[in-house]
Every structure is written in C-alpha cells, then in structure tokens.
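A quick write-up on the structure given underneath.
The values are calculated or read from the model by the stated rules, or taken from the named source; none is laboratory data. Given the structure is predicted, the values throughout are model-derived calculations rather than measurements. Here the Cβ positions follow ideal geometry from the backbone for every residue, glycine too, while neighbour counts run over all protein chains shown. Calculation scope for accessible area: heavy atoms of the full protein, side chains included, ligands and nucleic acids excluded. Shrake-Rupley method; radii C 1.70, N 1.55, O 1.52, S 1.80 Å.
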Amino acid sequence: MIRKIVNLFKNRKNWVRQILVAGLAGGVSWFVGDLLIEDGGVVAAIVCTLSIRISLHKSMREGFGQIVGTAVGAGIALFTVSVFNFGFIAVATTIIFCAVIARALHLGEVASVNVPVTALIVIGPGISQSTAVHRLGSTLIGAAIAILFSYFSHPNTPVGRAQIQIRNVSTKAAALLAEMSEGVAAGYTQKDAGSWLARARLLVEEVPAIRAQSVEARSHARWFPTAEKDEAEDIYIEGIAAEHTLVQVRMIARTLFDSAVEGGIADSTQKQIAVALSAASYAISAHVEVPDDINDDASSPTDDAREAGSVLAGTLIEDGDDVDQDQIVRGLSIVANIGRIADSLDQNSPAITDVITPDEPAKDRVLKLSPMQQTSTIRNKIRKFFRKYF
C-alpha cells in the first residue's frame, strides 16, 4: 500500500512539481503582500494562485488579465457604491457593469470572470478609495510573484511540451494502426473494430491540446528573445501534421468498422490491407523515433507506406469483378488515408504548407482585439459620425 501511494506521486513528477511551486508561490505572495500592504496578503495569494500556470508565458497572460480585471472591477465598485450605497442594487449593478465592460474590452473568458469577482472582493470589507488602491497593489504583487515562480513550474519549454504531446499521440496512433493490421490479418470482428474506432476518437480529442500548445510555442517565440522562432514554427507545422495524421487514423478505423458491419473484408484483399496498415504504423513510429539506420535506407518508411498503398489499390482494381463495389470503395479510401498520412509525415502536402491555419482563437486570448485595433475602430466610428451629421 505504501509503495502504491509513493508511486502515485513518483509517476506524476511534473504535477508534484507544479503544486509544490504553486504552494510556495502562494505562501510567498501572502508574506510579501502582508509585508508591503496592510491586510494585502490574502488578495495577493488568491491572485497568485489564479495566475500561476505551467509556463512563464501563460502566467504573464493570466497575470495581465488579473490586473486588468482588478482595475476595472475596483473602479466599477467605487462608482456603484458611491451612487447606490452598499446593498442589493450596488452588488447587482456591479456584476452587470463588469460583465458588459469585460465584453466590450474583449478580455476573454478567464478575465471576464475575474472582473466581477474582483469587484465583489473589493466591496466585501467596505469600499473606499484606499481599499481599491490596496486591492490593486495586492493584485500586482500576486501576479508578479506568480510570473516569477512559473519559470520553475515545469522543466520544459513550450516547444518541449509540444514535442512531448506530439510524440505521445503519434506513438499511440502507430500502436493502434499496428493492432488494426494484426486484427485484419487474423480476421477481426465488429467488436474489435468498435474498440479501434473508440480509441481513434479519443486520439483526435487530443488535437485541441496539441494545437493550443503549439500556438503557445509560437507566441512564446515572438515575445521572448531567448526562444528560437524557427524551432517554434517547425513545431507548429509538426502539430498540424500530427492533427492530419490522427484524423486519417480515425477515418481508417471508421472504414474498418463499416466493413465489419457489411460482412467483413474480402479474403483477396485482407493481406494487402494488413500490410498497408503495418507500413503506415511503421512510418509513424520511424517519424517519431528517427533512428540512424532509417535515414541511410534507399527508401524511407513513408515511401514504403505509399508503395504498400499502391499494391493494395492494384489488388482492389484487379479483383473488381469478384469483390463487392462498396468494399472496393472502402479499400480505396484506406489507400487514400495512408497516402495522406505519408504526406503529413513528410510535410510535403500543400494542405499543410500552403493553407494558412488560423492562429490562436480570439476567445482564448487575454485581449481578443489589440488596443491599436480597438482605438482604430473607435476613431473610424467617430469620423463617420462627424461626416454624417456635420
């Protein structure tokens, strides 16, 4: 029992490191906040706990949102209490005004919640101008300490975390294709195909996390001079390629499931499909591991996967008179999926290199629109107003 409890923490070293750093950062925030500002320790510790993330870049974003939320919330709280006095109307109007202003400033989901929460914290002990200033100062202390300690929260850089995520999902995808290959060769059932499809869907669900991490790597490279921009761009493209690969693996699993529902794969193509899936699995594994002996071969693993797909397509066409047409279509679909996997691994597909993938979603940013964009929009509206009426 003791060994199991120890292993629970031993196998989660990064998580243990993060909570220890977060706890230490919260304690330091409370001490510094109480030391510099009267009764400012609690707010500083709360803000630090809300702001600290697994990376310096993310903590800076969250800290900025906390500071903006505190400034806006404190200002609105002072206004509503001065107009309505402290009570039901002041609390309700504070929450409403904070939500409206947070929306108008496009602060995003996290900061939009922090604005009314901060305003209520300011109102709680009795609102005054000095209280609002103290709360803002405590927020600055908590956010600053969170940013400082977040540097030690995770041993890897944003690029390193993206590489780990891509490597993990690619390994799982290769293992799933290998299992599909063995199942097809041995004669799989609908239950087997259903299990493969469920696992493939779970793999695709990891795509948003990979995209978010690769986007963070790009954003980190733009802001920090020590980061390698070329490396961040490469890992971003690698994330897109991994996304395309996972989608193709899911489509293969769906095709095998549909074939099982319709009676199974024809015996004449069973071996070729198994070989093609095995070649695709090895291509993904080789792309992740990149052993030295593979680079010296005359043909790459992706070339072997394409060749296996071509052999499968030839077999399907030759047996066109003896095999059900729907089975031929599904077999050719697998050929196309394997070809896309090979192109994604080589990163030579125009779908990856020529199509601009949207950057970080606006809803995930601290500011959906930059201050320059917002100022420009307001300025244009003012010009139109004067041109129209004057």
Query - Inter-residue pairs, beta-carbon under 7 Å, first free of Cβ contacts under 8 Å to residues at least 12 places away in the same chain and within 25 Å of G160 (Cβ to Cβ) and in region 2-23, second part of a helix (DSSP H, G or I) and open to solvent by 100 Å² or more (accessible area, probe 1.4 Å), 6+ apart - result: V16/F9
Query - All positions within region 241-269 that are open to solvent by less than 10 Å² (accessible area, probe 1.4 Å) and more than 35 Å from the chain's Cα centre (by Cα) - result: T269
Query raised in the report: Hey, does region 147-164 have a residue that's outside any helix (DSSP H, G or I), crowded, with 17+ Cβ neighbours inside 10 Å, of a type outside the set (S, T, Y) and more than 15 Å from the chain's Cα centre (by Cα)?
Result: yes
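Yes/no matrix, rows are residues, columns are (1) assigned to a helix (DSSP H, G or I); (2) modelled with pLDDT under 90; (3) within 30 Å of the chain's Cα centre (by Cα); (4) hydrophobic (A, V, I, L, M, F, W, C):
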{"residue": "M180", "(1), (2), (3), (4)": "yes, no, yes, yes"}
{"residue": "Y188", "(1), (2), (3), (4)": "no, yes, no, no"}
{"residue": "L197", "(1), (2), (3), (4)": "yes, no, yes, yes"}
{"residue": "A276", "(1), (2), (3), (4)": "yes, no, no, yes"}
Requested in this report: For region 170-213, enumerate the residues that are open to solvent by 20 Å² or more (accessible area, probe 1.4 Å) and among the β-branched types (V, I, T).
Outcome: T171, T189, V204
Report task. Could you check I76 against (1) surrounded by fewer than 17 Cβ atoms within 10 Å (Cβ to Cβ); (2) modelled with pLDDT of 70 or more; (3) farther than 30 Å from R12 by Cβ and say which number it fails? Result -> (1)
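Which members of region 167-214 meet the condition of being farther than 25 Å from V275 by Cα and touching a Gly at 6+ places or on another chain (Cβ under 8 Å)?
Initial filter on region 167-214 (farther than 25 Å from V275 by Cα): 205-214.
Selection gives I210, R211, Q213, S214.
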Report summary line: Restricted to region 79-101 and to residues being more than 11 Å from L120 (Cα to Cα) and of a type in the set (G, A, S), the residue most open to solvent (accessible area, probe 1.4 Å) is S82
Query raised in the report: Do the conditions hold for A232, that is, is it modelled with pLDDT under 90 and either touching a Leu at 6+ places or on another chain (Cβ under 9 Å) or not aromatic (F, W, Y) (or both)?
Result: yes
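Condition check ((1) more than 19 Å from V249 (Cα to Cα); (2) under 32 Å from the mean Cα position of the chain (by Cα); (3) at pLDDT 90 or above) across all residues:
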| position | (1), (2), (3) |
| --- | --- |
| G314 | yes, no, no |
| Q327 | no, no, no |
| L332 | no, no, no |
| V335 | no, yes, yes |
| G339 | no, yes, yes |
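With respect to T302, is the statement that it is modelled with pLDDT of 90 or more, of a type in the set (S, T, N, Q) and surrounded by 22 or more Cβ atoms within 10 Å (Cβ to Cβ) true? Walk me through it before giving the result.
Working: modelled with pLDDT of 90 or more: no; of a type in the set (S, T, N, Q): yes; surrounded by 22 or more Cβ atoms within 10 Å (Cβ to Cβ): yes.
Considered against the rule, which asks whether it is modelled with pLDDT of 90 or more, of a type in the set (S, T, N, Q) and surrounded by 22 or more Cβ atoms within 10 Å (Cβ to Cβ), T302 comes out as no.
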Query raised in the report: Which residues, counting only those in region 1-23, are at pLDDT 75 or above, in a helix (DSSP H, G or I) and open to solvent by 100 Å² or more (accessible area, probe 1.4 Å)?
Result: I2, R3, K4, L20
